[in-house]
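**Student:** Take a look at this one; I'll ask things after.
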Amino acid sequence: MTQPQQNAPIALPSRLRQRYMLSVLIPYYRDRNGAIWLGRLWAHDLRAHLDYLGDLTILAPEVQIDQPGPDNGADLVRFEVPPGVNLRFRPYGKAGGGALRALLALPARAIDAWAAVGQADIVHSGVAGWPLPPGLLLNPIAVLRRRPLIIVIESAFWRLPDPAQAGWKARLRASLTERFARWSLRRARLGIYTSQAYRQSLPVGPGGEALVLSASWISDEMILSEAEAGASWAKKLPAPQGEGGAVRFLMASRLVSEKGIGLFLAALQELRAQGIAARIDVIGEGPMRADLQAFADRPGPVMLRLLDPVEYGPPFMRLLQSYHAVIVPTTGDEQPRILFDAFAQAVPVLATGTSGNLEVVTDGATGIVVAPGGAHALAEGIIRAQNQPERLHEMGLMALETARTYTHATMHQRRAEVLRHLFADPATAARQGDHEGLS
């Protein structure tokens, strides 16, 4: 199995020695010998955390296995703890399950959360998750027990693009989650956001600091050199202007409505209705894959292919290189990681003008931006892109330069610097909460 490229260790004088507790929704796996197994990408990210955290507890659902394999439904690697680090995995909650089971388990979870927070000096948490967010207990307990609270906002998937079209349960859940997120951030010592839009809509309180870090997974080794980018585009050009189908697009995403797949499909249907040819490949899994397959199975000028999954890392990067542009049809305000992946391979994007996309993509420079939420605008964007392949080449080279400022190592470097600034003095942790309360 191919491992992600490793970034160089973060250059810091020393690791933080405070007891840092990190709550995550992703399960870890413990085999019958007690060894810990993690999903390959999660293991890669955790190693980066350990460059600057010397005492870390992972609070997450535990899954017990006899041995890793296809039956586990995950690409697992055995996690080895680097020297000089105290790392513990503490079970919290169950992977999967519904709301009723989560409610019944709430008293036991509260006891676990109280104990876990009590054994931490710093609590790193979130505000959302299904069926009940871990932060629902961890955040108020951290405030009560006066532990510095770090809240990370990677997405706000609970926000409804069109509340009028949602049922009352969805509206209620969205409203309650939004209020809880605001409450948590007002009491956070540090808020970490993947976009400025999240920072503005969910601000920290007067006692907190804010840090905007795009959630990129690319390493320096993944980013093409100028020579490699030139060779990659030499294989793709010339692509005759105006000749439908000469330009090849990729759409890589989870195939769910929240990722704009319905909008993407509506745009393809409009192209087909107009008799406009296009060549588009899709890679991803999700409930809307069947809808896309049904479209692909019908004859027409739009040639849609659904590809088998490709491992993230070099195989996925090689796949990206073969396309002229990547379509990013998001309708929410998240910032998809595919933006950085595409840029690293000198591939521009055709993206909707949502807040997360606009913080990374510049229309006419690193990609093409279309009005969000409209199938016609996305269809017109596809037409615009395939009529100017040489311009896509230029955009791709500019996107490559942008990618160099968004590496996974840079993200962790900036996070480490802020943590050291806030918590280098062990007494700092004890001072959290003196000005805060539950009101």
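The values are calculated or read from the model by the stated rules, or taken from the named source; none is laboratory data. Owing to the predicted nature of the structure, the values given are computational and were not obtained by experimental measurement. All Cβ positions, even for glycine, are placed from backbone atoms using ideal geometry, and neighbour counts span all protein chains on display. Only protein heavy atoms, including side chains, enter the accessible area calculation; ligands, DNA and RNA are left aside. Shrake-Rupley method; radii C 1.70, N 1.55, O 1.52, S 1.80 Å.
**Student:** Going by the conditions given, is SER184 surrounded by 18 or more Cβ atoms within 10 Å (Cβ to Cβ), closer than 29 Å to LEU100 by Cβ, in contact with a strand residue (DSSP E or B) (Cβ under 7 Å, 6 or more places away or on another chain) and hydroxyl-bearing (Ser, Thr, Tyr)?
**Tutor:** So SER184 passes the test.
**Student:** Among the listed residues PHE157, PHE180, which satisfies the condition of being part of a loop (DSSP other than H, G, I, E, B) and hydrophobic (A, V, I, L, M, F, W, C)? It would help to see each step written out before you state the result.
**Tutor:** Working: PHE180 fails: part of a loop (DSSP other than H, G, I, E, B).
From the options PHE157, PHE180, the qualifying one is PHE157.
**Student:** Continuing with this model, one more query. Provide a single number: the residues in segment 324-338 that are open to solvent by less than 10 Å² (accessible area, probe 1.4 Å) and over 18 Å from LEU255 (Cβ atoms).
**Tutor:** 2
**Student:** Taking PHE89 as the residue in question, decide whether it is surrounded by fewer than 18 Cβ atoms within 10 Å (Cβ to Cβ) and either in a helix (DSSP H, G or I) or under 21 Å from the mean Cα position of the chain (by Cα) (or both).
**Tutor:** no
**Student:** Condition first: over 25 Å from GLY205 (Cβ atoms) and either part of a strand (DSSP E or B) or more than 27 Å from the chain's Cα centre (by Cα) (or both). Can you find one or more residues in segment 117-135 that meet it?
**Tutor:** yes
**Student:** Further question: Mind telling me which of the residues SER184, SER225 ends up being among the polar types (S, T, N, Q), out of contact with any Gly (no Cβ under 9 Å at 6 or more places or on another chain) and over 24 Å from THR330 (Cα atoms)?
**Tutor:** After applying the criteria, what remains is SER225.
**Student:** Can you tell me which residue is farthest from ASP162 (Cα to Cα) among those in segment 255-271 that are in contact with a Phe, Trp or Tyr (Cβ under 8 Å, 6 or more places away or on another chain) and open to solvent by 10 Å² or more (accessible area, probe 1.4 Å)?
**Tutor:** Only one residue tops the list, namely GLN269.
**Student:** Residue under question is SER195, and the condition is that it be open to solvent by less than 20 Å² (accessible area, probe 1.4 Å), small (Gly, Ala, Ser), in contact (Cβ under 8 Å) with a residue 24 or more places away in the chain and under 27 Å from LEU339 (Cβ atoms); does it hold?
**Tutor:** Yes; evaluated as a whole, the condition is true for this residue.
**Student:** Does segment 388-405 contain any residue that is modelled with pLDDT under 95, closer than 30 Å to GLN18 by Cα and either over 25 Å from the mean Cα position of the chain (by Cα) or surrounded by fewer than 16 Cβ atoms within 10 Å (Cβ to Cβ) (or both)?
**Tutor:** yes
**Student:** Turning to a different aspect of this structure: Of the numbered conditions (1) open to solvent by 30 Å² or more (accessible area, probe 1.4 Å); (2) at pLDDT 95 or above, LEU160 satisfies every one except a single condition; which is it?
**Tutor:** (2)
**Student:** Also: Consider LYS94 against the criteria (1) part of a loop (DSSP other than H, G, I, E, B); (2) open to solvent by less than 50 Å² (accessible area, probe 1.4 Å): it satisfies all of them except one. Which criterion is unmet?
**Tutor:** Against the list (1) part of a loop (DSSP other than H, G, I, E, B); (2) open to solvent by less than 50 Å² (accessible area, probe 1.4 Å), LYS94 comes up short only on (2).
**Student:** What are the residue pairs meeting all of these: first residue in segment 331-343, first residue within 15 Å of TYR312 (Cα to Cα), second residue in a loop (DSSP other than H, G, I, E, B) and of a type in the set (Phe, Trp, Tyr), Cβ atoms under 6 Å, and 6 or more apart or on different chains?
**Tutor:** ARG337/TRP217; PHE340/TYR406
**Student:** Go through segment 136-168 and give me each residue that's under 18 Å from SER201 (Cβ atoms) and among the basic types (Lys, Arg).
**Tutor:** Once the filter is applied, which keeps residues that are under 18 Å from SER201 (Cβ atoms) and among the basic types (Lys, Arg), segment 136-168 yields only ARG159.
**Student:** Taking segment 255-305 on its own, how many of its residues are more than 26 Å from the chain's Cα centre (by Cα), assigned to a helix (DSSP H, G or I) and either of a type outside the set (A, V, I, L, M) or more than 20 Å from GLY374 (Cβ to Cβ) (or both)?
**Tutor:** Residues flagged as more than 26 Å from the chain's Cα centre (by Cα), assigned to a helix (DSSP H, G or I) and either of a type outside the set (A, V, I, L, M) or more than 20 Å from GLY374 (Cβ to Cβ) (or both) within segment 255-305 amount to 7.
**Student:** In the set ALA365, ALA342, which member is among the aliphatic types (A, V, I, L, M) and either open to solvent by less than 10 Å² (accessible area, probe 1.4 Å) or not in a loop (DSSP other than H, G, I, E, B) (or both)?
**Tutor:** Checking each option against the conditions leaves just ALA342.
**Student:** Moving on to the next point. With the checklist (1) surrounded by 14 or more Cβ atoms within 10 Å (Cβ to Cβ); (2) of a type in the set (A, V, I, L, M, F, W, C); (3) touching a helix residue (DSSP H, G or I) at 6+ places or on another chain (Cβ under 9 Å) in hand, flag the one item ALA170 doesn't pass.
**Tutor:** (1)
**Student:** Out of GLY205, GLY167, I need the residue that is of a type outside the set (D, E, K, R) and modelled with pLDDT of 95 or more. Which one?
**Tutor:** GLY205 is the lone residue from the list that is of a type outside the set (D, E, K, R) and modelled with pLDDT of 95 or more.
**Student:** Another one. Can you confirm whether ALA234 is surrounded by fewer than 14 Cβ atoms within 10 Å (Cβ to Cβ), out of contact with any His (no Cβ under 9 Å at 6 or more places or on another chain) and at pLDDT 95 or above?
**Tutor:** no
**Student:** How many of the residues making up segment 107-157 are of a type in the set (D, E, K, R), surrounded by 23 or more Cβ atoms within 10 Å (Cβ to Cβ) and closer than 26 Å to ALA174 by Cα?
**Tutor:** 0
**Student:** Tell me which residues, restricted to segment 209-222, are open to solvent by 20 Å² or more (accessible area, probe 1.4 Å) and either modelled with pLDDT of 95 or more or farther than 14 Å from PHE343 by Cβ (or both).
**Tutor:** GLU209, ALA210, VAL212, GLU221
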